[in-house]
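In what follows, a single structure is set out as structure tokens and then discussed.
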Amino acid sequence: MKKVQIQDFIDYRYLGSLQVSPDQQHAVFTVITGDQDADKYPGNLWLLDLATRETRQLTSGNEEKKAIWWNDDTIVFTGCRDPKLKEKTTDGESMTVFYKLNIHGGEAVEWFRLAMPVGSFQKVNDNQLILSVAYRADGMNDFECQTEEEKKQWKKERESHKDYEWFDEIPFWANGQGITNMKRTRLYLLDLDTQTTTAISEPSANASIAHIQDNKLLYISNPMDSVREIPSSLHQFDCTTKKDLTLIPDHEVNVSWAFYINHKIIAAISDFKEYGLHQHATLFVVEEDQQRTRLVHYDNSYGASLGSDCIQQFGTAVKAYKDKIYFSCTDENDGCLKCFDEHGQLQRLSGYHGGIEDFEVTDKGIVFIGLRDQKLQEIYFLQNEAETQLTHFNSEYHAATAVSPIEKIEFYNDGIRHEGFVIKPADFDINKKYPGILEIHGGPKGTFGPVINHEMQVFAANGYFVFYCNPRGSDSRGNAFADIRGRFGKEDYSDLMAFTDAVLAQYPQLDGERLGVTGSSYGGYMSNWIITQTDRFKAAIPEASISNYVTKFLCTDIGFTYNMDNQAATPWSDVALVWEQSPLKYADRVKTPTMFIHSDQDYRCWIAEPIQMFYALKLHGVETRFLLFHGEHHGLPIFGKPSHRIQRLAAMVEWFDKHCK
């Protein structure tokens, strides 16, 4: 069998956007692949017969990545197959084309066109859709123009702004979206007979669909007036009377999700009072008169948040079906499915075999997409805790490739039990010594687990031990475990060093004199922090990293909210505490050869962060390089162009080989 190669991720099949038909006989989903020549990830819609397990490709336009069921035999999706129209939309004019496709044969046919930039949509009934529309709060929307003269004025205004920007609010940019000043997501009701739309949400807010049932819409609205706020409001919109009812007003709490269950409205709500922005939500029954009754508190996050670079789409983590709310989650280091009934009774539905990225509930069981049993994504069927694999998109790859197994180890630090994971080098020989790489996840409230990661497999294939764990600050073990606000670089660093000691003790073949460390985002921050505190690592690769929380606070899309909470201070309330948690403060101590990797459109951890650390290390004589990718954002390791991901991994292997072998 061949070893894992850097470019193998191009051949992986990434699954997503799972939707089961109303009669529960079929599922439509997306298959995304890598295209090295086009340097992108084309996607097409596929069909799965749930009875026969047969799969069939439905589209071949390479741009169809999501569909909804209109009836048992027909799916609806948006796209643009008209070259002339595509040219107009590329130039800025708003137009969305809706297509219908019969799953039993034939080509997709154009259903209708709508002169609005529709991002997603959901069915209310046979005559109504809810649309999520890209909207400008400053009124610069061509679809609101009533006359040709207004349209000409809109074009003139748009042309005049091509080479400069006005900023009126913070954040004015967002990672993966670019400049977002005045840009919103607004909800509309579309009448299919008349092709008329009715605005639902406020023009200044960002709104998202929560649930639709019996011609009523639950939606969540986040206010945005000069400064983005974290608290959100919950609304109910009657699609028949077109009346909007506020269920939870602005500025009080944050609503994560809400569903109708047996004529009750159940919502996940957090007030942030005890554990800040990371505080896990409590379930409440919400009344139409704005009264709330506490149902149950679930001390964990919703969503199987196991970090992996073998995913291209993330599905909904929580769904309602009949009288229950179903959700994926991570318990300590592994993913599973659970559900609540209307009384708040919790039930675990699946075992622990890895990540769950999307799912749909049926009368007979649950259909889901998962990274299970250390394999690439497939579709599975869950019934009575037994999982049956339904698809085999990546089976051929696994049959031909030696993927290194993941082993679990246990260790203790400060009296707390932890679990970590170790991947041995390919062709492991018990009589040989090997270098090793400590991988650190993002977050800090992320989670690593026993799921396949391409980057880690590449390192193992190149002769490295790879080891990783979930230090304090990580998700999946409750609020108290995740709470390291104001203490970054303290117990999280201690846990990682204790874990490194435990791995060295349990695996004598790992050479403690040839260790490297890397991670992205918070993992990049911690890589920076580690090299300021110890010289035990012979090479470091901080990626999308943070070096100075004073500047991070005021330069990024989440700094003024997320980092203010995480660092438990602002530059004005306690600059010493913010600076104390910043690796840059201790950069003069660094001796470790370090290569920084960053993207110039990373607005989550802006480019100023690695630049400061790079300058500091250069000034203190440390061997240092800086690899900057143009046109990429914070998600480079997962969503970056194939050519960039290949270059990135090749550079990482080369750096570690130079200093650890």
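The values are calculated or read from the model by the stated rules, or taken from the named source; none is laboratory data. Fair warning: this is a prediction, and the values are worked out from it, not measured in the lab. Positions of Cβ are generated from backbone atoms using ideal geometry, with glycine treated the same way; all protein chains shown enter the neighbour counts. Each accessible area value is taken on the protein alone, full model and side chains, heavy atoms only, with ligands, DNA and RNA left out. Shrake-Rupley method; radii C 1.70, N 1.55, O 1.52, S 1.80 Å.
Here K273 is the anchor, and the lysines within straight C-alpha reach of less than 19 Å, apart from those fewer than 8 places off in the same chain, are K445. I'd like the carbon and sulfur percentage of the solvent accessible area for the chain, probe radius 1.4 Å, heavy atoms only, ligands and nucleic acids excluded. Of the solvent-accessible surface of the chain, carbon and sulfur hold 47 percent.
With the cut-off at under 15 Å, measuring from each backbone N in the stretch 367-385 to a point 7 Å along the Cα-to-Cβ line of T316 picks out 367-369. Placing pseudo-labels 7 Å out from each Cα toward the beta carbon at Q36 and E87 gives an inter-label distance of 3.4 nm. Sequence-ordered 3J(HN,Hα) estimates for the stretch 278-291 from the Karplus curve with 6.51, -1.76 and 1.60 and θ = phi - 60° stand at 8, 4, 5, 6, 10, 7, 10, 8, 10, 9, 5, 8, 6, 6 Hz, glycine and proline given as x. The protection proxy used here, the mean number of other Cβ atoms lying within 10 Å of each residue, ranks peptides 287-297, 71-81, 560-570 as follows, highest first: 560-570, 71-81, 287-297. Would the stretch 301-442 count as rounded, prolate or oblate if I go by the C-alpha gyration tensor, calling it rounded below 1.5 in a/c and otherwise prolate when a/b exceeds b/c, oblate otherwise? Verdict is oblate for the stretch 301-442.
Kindly identify the stretch 362-503 as rounded, prolate or oblate by the Cα gyration tensor criterion: order the square roots of the eigenvalues as a ≥ b ≥ c, call it rounded if a/c is under 1.5, otherwise compare a/b with b/c, prolate if a/b is larger, else oblate. Verdict is oblate for the stretch 362-503. Counting only heavy atoms of the protein chains and using a 1.4 Å probe, H630 has close to 120 Å² of accessible surface.
Take the chain with all the other protein chains still there, run a 1.4 Å probe, and you get 41 Å² of accessible area per residue. For the stretch 172-214, the residues whose backbone nitrogen is under 20 Å from a point 7 Å from the Cα of H251, taken along Cα to Cβ, are 202-207. Entry note, the chain: the mean residue ellipticity at 222 nm calculated from DSSP H runs of n ≥ 4, each adding -39500 (n - 2.57), is -5000 deg cm²/dmol after division by the residues and rounding to the nearest 500. When the inverse distances between all different Cα atoms of the chain are averaged and flipped, the Kirkwood radius reads 26.3 angstrom. Restricting the trypsin sites (Lys or Arg not before Pro) of the stretch 226-264 to loop positions (DSSP other than H, G, I, E, B) with no more than 13 neighbouring Cβ atoms within 10 Å leaves K242.
In the chain, Cα pairs under 8 Å separated by at least six residues give a relative contact order of 10 percent. Here, the stretch 404-660 yields an orientationally averaged convex hull projection of 12.8 nm² when only Cα atoms define the hull.
The C-alpha atoms of the chain define a longest principal axis, and helix 522-533 lies at about 20 degrees to it.
Applying 1/(1 + (r/R0)^6) with R0 = 30 Å to the Cβ-Cβ distance of K155 and T198, what FRET efficiency is obtained, to the nearest 0.05?
Values: r = 26 Å, r/R0 = 0.87.
Between K155 and T198 the formula returns 0.70.
Basic side chains Lys and Arg get +1 at the Cβ, acidic Asp and Glu get -1 at the Cβ, and with that the dipole of the chain about its Cα centre reaches some 1240 debye.
For the stretch 121-169, chymotrypsin sites (Phe, Trp or Tyr not before Pro) meeting the loop criterion (DSSP other than H, G, I, E, B) and having at most 10 other Cβ atoms within 10 Å: Y164, W166.
At an R0 of 22 angstrom, the distance between the Cβ atoms of T534 and Y412 translates into a FRET efficiency of 0.60. For a test of the definition: using alpha carbon positions, the gyration tensor, and the 1.5 limit on a/c, classify the stretch 285-373 as rounded, prolate or oblate. It is prolate, given that a/c is not under 1.5 and a/b is the larger ratio.
Modelled spin labels at A402 and Y352, positioned 7 Å past Cα toward Cβ, are 3.0 nm from each other. Among the GluC sites (Glu not before Pro) in the stretch 524-632, those placed in a DSSP loop whose Cβ has at most 15 other Cβ atoms within 10 Å are E623.
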